[in-house]
Every structure is written in C-alpha cells, then in structure tokens.
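Some notes on the structure that comes next.
The values are calculated or read from the model by the stated rules, or taken from the named source; none is laboratory data. All of these numbers come straight from a predicted model, not from anything done at the bench. With ideal geometry, Cβ positions are generated from the backbone for all residues, glycine too; neighbour counts draw on all protein chains shown.
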Amino acid sequence: MASAGDLPIRGIYEVVIRVADLDRAQDFYCSTLGLDPGLIVDERGMRFLRAGNGGMLVLQRADGEFPQQHFAFTIEEGDIEKSLARLTEAGVEHRPPVFHDWMPGTSIYFSDPDGHDLELFAPQGAQAP
C-alpha cells in the first residue's frame with residue numbers, strides 16, 4: 001500500500017530483455033507482435049522498440065546464457081481472437097486463453113524466440129492503458 005512518502009510512479013516506461021540474436025528478436029517483436037522500431041544502437045548491442053502505451057521494450061544482445069523472464073503486454077478485450085489468430089498465423093505456439101477471476105481479465109501465454117515467457121493480457125471491461 002502506498003504511503004505519503006512514496007514516489008509518484010505512474011507506470012513502467014522501459015524494460016530491457018536479453019536476447020541472443022538482435023535481428024531475430026526485433027523481427028519477432030515488430031513483425032509478429034506489432035511493436036514499432038525506435039532507436040538502434042548496434043555498437044552497444046541494443047534495439048529500442050516502442051510499445052502501444054508509450055513505453056519501450058529494449059532488446060539487448062547477450063552472449064552466453066541468460067535467465068528467461070516473463071513479460072506481459074496489455075491488449076483490448078475485443079482483440080483476444082485477433083491476437084490468437086495473429087500468433088497462429090505467425091507459427092507461434094500458444095496456450096488457449098485463460099480467464100483470471102482475481103484480476104479480472106484474460107491472458108494468452110506464449111514464448112519468444114529466446115524462451116522468454118510472454119503474455120497478452122486483456123483486462124475485462126476496461127480500456128487498455
């Protein structure tokens with residue numbers, strides 16, 4: 001629970017994920033998921049991609065092993081079927097949608113080419129941020 005002394009954080013602006021192949025990862029996140037390419041800083045092994053809500057996903061090249069992580073993207077409730085069709089069309093294996101009573105909302109789970117666990121989350125009865 002927030003207290004009067006807490007920072008006034010309004011959201012997450014940028015998340016960095018480690019990937020083995022920048023071109024492959026950028027193709028997946030832009031062509032399959034629809035993120036927009038932003039700044040490319042290949043000398044630092046980084047690609048900045050814009051997400052729909054103004055935040056950014058930064059792909060960072062990593063040599064060797066790195067931990068697989070979980071990331072969730074917000075979608076509109078009315079876009080669940082469209083999202084399922086797009087993932088299927090792109091050959092991305094995914095689980096059937098799961099409804100979470102406690103949130104409430106529906107999630108679609110799948111993985112990116114580097115094995116990160118991804119989720120498309122559609123809040124029930126709310127506009128996506």
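Can you pull out every residue in the stretch 77-105 that is under 16 Å from G52 (Cβ atoms) and either under 14 Å from the mean Cα position of the chain (by Cα) or not acidic (D, E) (or both)?
Within the stretch 77-105, G78, I80, K82, S83, R86 meet the criteria.
Can you work out which of the residues in the stretch 89-103 that are without any contact (Cβ under 8 Å) to a residue 40 or more places away in the chain and within 15 Å of F28 (Cβ to Cβ) is surrounded by the fewest Cβ atoms within 10 Å (Cβ to Cβ)?
So the residue we want is G91.
Working carefully through the options R61, R95, R47, R10, find the one that is out of contact with any Lys or Arg (no Cβ under 7 Å at 6 or more places or on another chain), modelled with pLDDT under 95 and not polar (S, T, N, Q). Outline the logic, then answer.
Numbers: R61 fails: modelled with pLDDT under 95; R95 fails: modelled with pLDDT under 95; R47 fails: modelled with pLDDT under 95.
Of the residues listed, the single one that is out of contact with any Lys or Arg (no Cβ under 7 Å at 6 or more places or on another chain), modelled with pLDDT under 95 and not polar (S, T, N, Q) is R10.
Restricting to the stretch 85-128, what's the tally of residues that are basic (K, R) and assigned to a loop (DSSP other than H, G, I, E, B)?
1
Got a sec? Which strands (runs of 3 or more DSSP E) wholly within the stretch 6-73 have at least 1 residues that are more than 21 Å from E93 (Cβ to Cβ) and touching a residue at least 40 places away in the same chain (Cβ under 8 Å)?
Qualifying strands (runs of 3 or more DSSP E): 14-19, 56-61.
What are the residues in the stretch 104-115 that are closer than 30 Å to Q26 by Cα and either in contact with a strand residue (DSSP E or B) (Cβ under 9 Å, 6 or more places away or on another chain) or among the polar types (S, T, N, Q) (or both), if any?
G105, T106, S107, I108, Y109, F110, S111, D112, P113, D114
Which condition breaks for T106 when tested against (1) surrounded by fewer than 17 Cβ atoms within 10 Å (Cβ to Cβ); (2) in contact (Cβ under 8 Å) with a residue 24 or more places away in the chain; (3) not aromatic (F, W, Y)?
(1)
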